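See structure below.
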Amino acid sequence: MNGIDPARTALLIVDLQNDFLHPEGAYARDGQKNTDIAALPERVLPLANTLRDKGGWIVSTHFTLVPGKGGEPFISPHLKELRPFLGKGDFAPGNWGHALVDTLQPSDLMVEKVAYSAFYMTRLEWVLRKSGIDTLFVCGIVTNGGVASTVRDAHVRDFRTVVLSDGCAAFSRETHERAIGDLGTVAKTMTCGEAQALFSGL
């Protein structure tokens, strides 16, 4: 990629949170485990460290169930139907389950999100512009959900966007591969290793 400036580049980590990935998180308590998803933090870490060393940014998005009265979360009907085990305290702001997994901490910027896209009703675009960030390398979960929606919204906002093909995962590999293929119309794709080599050479 020509003209890339690490200081204007962010690794955008979509929803790699304890409640999704940790053995004691909300999803694991219901038996919702996936080896491809669990492998992501260690795969992404070398790139994150290289980008940090080059003066780039680490930005994490955090799926959030906003607590209402008595701490009961607002859960969209479609999500409640899909994940009926979600309840009070899960993905709540400030809770351990809401946090970025330890492997990838710390992030320079964190943004709470309430829907698939990290741009929907959030401050993400504002903090990226304030930070001078114009290039995003996107990783996280799930490829066909939060990642795809965020990447498409980044595209229409004129961010230069790269999807890390092996830095994302879905609950099935077929779904993941199909989503990566579809995103090729709005973003470049490369592996975590290719991205690390790119920044190492700068």
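Please work out how much length the chain gains when fully extended from E174 to R123, using 0.36 nm per residue of separation minus the C-alpha to C-alpha distance, in nm with one decimal. Walk me through the numbers before you get to the answer.
Details: separation 51, 0.36 × 51 = 18.36 nm, distance 3.24 nm.
Between E174 and R123, full extension yields an extra 15.1 nm.
Order these by the 10 Å Cβ neighbour count, fewest first: T103, T143.
On the way: T103 13, T143 31.
Ordered by Cβ neighbours within 10 Å, fewest first: T103, T143.
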Checklist entry - Computed FRET efficiency, Cβ-Cβ of M1 and V114, R0 35 Å: what is it to the nearest 0.05? => result 0.65
Checklist outcome for this item: Listed by chain and number, the aspartates and glutamates with an alpha carbon less than 15 angstrom from that of K188, same-chain partners under 8 positions apart left out, are D134, D153, D158, D166, E177
Checklist entry - How far is helix 40-53 tilted off the main Cα axis of the chain, in degrees rounded to 10, range 0 to 90? => result 50
Item to check | Nearby lysines by direct alpha-carbon distance to K33 (threshold 24 angstrom, same-chain neighbours under 8 apart not counted) | outcome: K80, K88, K113
Next on the checklist: If each DSSP helix of 4+ residues adds -39,500 (n - 2.57) and the sum is divided by the residues in the chain, what number results at 222 nm, nearest 500 deg cm²/dmol?
Outcome noted: -9000 deg cm²/dmol
Checklist entry - Taking a label point 7 Å from the Cα of D30 along the Cα→Cβ vector, which residues of region 39-67 have an amide N closer than 16 Å to it? => result 63-66
Checklist entry - If contacts are Cα pairs under 8 angstrom and at least 6 residues apart, what is the relative contact order of region 122-202 in percent? => result 30
Item to check | Cα centroid separation, region 166-183 to region 33-107 (Å) | outcome: 19
Checklist outcome for this item: Taking Cα pairs closer than 8 Å and at least 6 residues apart, the relative contact order of the chain in percent is 26
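Just need the relative contact order of region 76-165 here, percent rounded to a whole number, with Cα pairs under 8 Å and 6+ apart.
Working: 74 pairs, mean separation 18.9, N = 90.
Relative CO of region 76-165 lands at 21 percent.
Kindly work out what percent of the DSSP beta bridges joining two residues of the chain are antiparallel, to the nearest 5. Write out the running numbers ahead of the final one.
Details: 2 of 27 bridges.
If we restrict to bridges inside the chain, about 5 percent are antiparallel.
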Checklist entry - Once the Cα atoms of helix 173-183 and of the chain are each reduced to a long axis, what angle between those two axes, in degrees from 0 to 90 to the nearest 10, is obtained? => result 50
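Computed from the coordinates by the stated procedures, all read-outs in this text should not be read as laboratory data. Everything numeric here is computed off the predicted structure, so don't read it as measured data. Neighbour counts run over all protein chains shown; Cβ positions are idealised from the backbone, glycine included.
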